[in-house]
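Rule-based calculations on the coordinates, nothing more; no lab input. Just so it is clear, the structure is predicted and the values come from calculations on it, not from any experiment. Neighbour counts run over all protein chains shown; Cβ positions are idealised from the backbone, glycine included.
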Amino acid sequence: MFRKLAVLALAVLFFAPATLLLSVGVLMNPAANAACSTTGSLSVGTVPDNLRVTTADGSTFTLSKAQLTHAATIITVGDKIDGVGRPGVKIALMAALTESTLRMLANTGTYPESGDYPNDGNGGDHDSLGLFQMRPQSGWGTVADLMDPAYQARAFFGGPTGPNHGSPQGLLDILGWQTMDPGEAAQSVEVSAFPDRYRNNAPVADAILNALISTTVSRADSATVGPTFADGSSHMVFPLPAGSWVLASPFGARIHPITGEVSFHTGTDFAAPAGTPILAAADGVVTVAGPVAGYGNLIVIEHRIDGRTVATAYGHMWDTGILVQVGDRVTAGQHIGDVGSDGMSTGPHLHFEVRPGGTNGTAIDAAAWLTQHGAANLPTATTGPTTGCEAHGTTAVAWPVQAGPITAPVSRRGA
């Protein structure tokens, strides 16, 4: 018994200083603190007159300015509600696209008075109204409420500030929505008879967000234009959208959360809800796009920056989360994949690596590299895990493991 206590005391003595330093690092990290709140990061710019979009099944159509204006309302409302962020707004857009094609629909057959409110036409689905086809009889609100686009958006998002206080449930009232497939999350709110329809509109929702959201964001958050690079990339961006992430695990030695052994973490982990868009950090060419042991699905992009070849790597996407192929030329900020939790991972996050020299180069501290090139303001790495802020009621920390050079895709899977 005495020996066990002595070992425990030595362990505390050994790890306590590092833990203290890590805690201070998180408190002093403006990017991590900003990510604890997801409001104020989705600034809507000029709404275009129209937008040509393509669904997952290849169908194309054009959204009008009126439809895009409704999308802007959904984005603006979601941006003001803590905990929604870009992933939640994307789910809302998928739902509204599926239910009404982003139209405020009256229903004069059931509610003649609905035609007295501004609308984009008349629907006829039972007693459903508006963008999300919400039903007064189900408790979503009155006819007057549901003919207001902003009210419908607030009702869809729900949560503590929602108008229905959890009955019916809005998105924030759905336990674990952040880790669901976005189509499944939309279905959980809409309770439709056709859940697969929502997934078909995922690329349309992404196109709307990319078209409407202003790219002027704070450097600490995301996608900030940095310095000009020679021989290739014209600017550098953060690999996740503003307000969607929390710094979860830095580069360097740590206790592996799955094996319990000391290991070397070759990347930087940013916890984010499943389905969050992953962005190319700079212009380049895709060299890896598929399963790699430990990483789950991995994308590697090679760039020419300041006359040198540098590779960036993006890990743990699910099979459906890879949106590029080997040989593709990508641009900085391009949506290349979606956050997942495949491979050696305990929760949805992006494992991001930087390897000077190319795909099989030796990894360096990615956080320091992003800061150096003007795409973030992150602390330099230290030993051990960091403690993230509370995100939607759970601690946003995830733990993958990678080591050594990246090689060609192999069959998986990690633990």
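Observations
- A simple count of charges around THR161, restricted to other residues whose Cβ falls under 11 Å of its Cβ and scoring Lys, Arg +1 and Asp, Glu -1, yields +1.
- Exposure proxy shown here: for LYS65, LYS90, the number of other Cβ atoms within 10 Å sets the order, fewest to most, as LYS65, LYS90.
- FRET efficiency, THR76 to ASP49 (Cβ-Cβ, R0 22 Å, nearest 0.05): 0.70
- Peptide packing for 124-132, 152-160, 54-62 was compared via the average number of neighbouring C-beta atoms within 10 Å per residue; ordered from the highest value, the list is 152-160, 124-132, 54-62.
- This ranking places GLU99, GLU190 by how few other beta-carbon atoms lie within 10 Å of each, fewest first, which gives GLU190, GLU99.
- Here's how it looks for ILE213: its modeled amide H is under 5 Å from those of GLY45, which are all 5 or more places away or on a different chain.
- Residues in region 85-90 carry Karplus couplings, in order, of x, 4, x, x, 5, 4 Hz; the curve used is 6.51 cos²θ - 1.76 cosθ + 1.60 with θ = phi - 60°, and Gly or Pro positions show x.
- Interchain or long-range residues, amide H under 5 Å from LEU131's placed H: LEU105
- Sum of side-chain charges, LEU350 neighbourhood, beta-carbon under 13 Å (Lys, Arg +1; Asp, Glu -1): -4
- Taking amide H positions as modeled 1.01 Å from N, with prolines and chain starts lacking one, the residues under 5 Å from ILE278 and 5 or more places away or on another chain are ILE336, GLY337, ASP338, VAL339.
- Cβ-based net charge around GLU99, under 10 Å, with every Lys or Arg adding one and every Asp or Glu removing one: 0
- For region 121-216: rounded, prolate or oblate by the Cα gyration tensor [a/c cutoff 1.5]: rounded
- Shape category assigned to region 86-167 from the gyration tensor of Cα positions, a/c cut at 1.5: oblate
- Cα extents for region 50-212 along the principal axes, largest to smallest and rounded to whole angstrom: 36, 34, 29.
- Taking 0.36 nm per residue of separation and subtracting the current Cα-Cα distance, fully stretching the chain between HIS126 and GLU113 would add 3.1 nm.
- Each of THR98, VAL189, PRO163 was placed along the dipole of region 50-212 (beta-carbon charges, centred on the mean Cα), and the one lying farthest toward the positive end is THR98.
- Our estimate of slack between LEU175 and VAL262, defined as 0.36 nm per intervening residue step minus the Cα-Cα distance, is 28.0 nm.
- Estimated inter-spin distance, GLN372 and THR161, nm [label 7 Å along Cα→Cβ]: 4.0 nm
- With each label modelled as a point 7 angstrom along the Cα→C-beta vector, the ALA56-ILE255 pair spans 4.0 nm.
- Ordering HIS316, HIS70 by the number of other Cβ atoms within 10 Å of each residue's own Cβ, fewest first, gives HIS70, HIS316.
- For the Cα trace of region 268-352, dividing Rg by the Kirkwood Rh returns an Rg/Rh value of 0.96.
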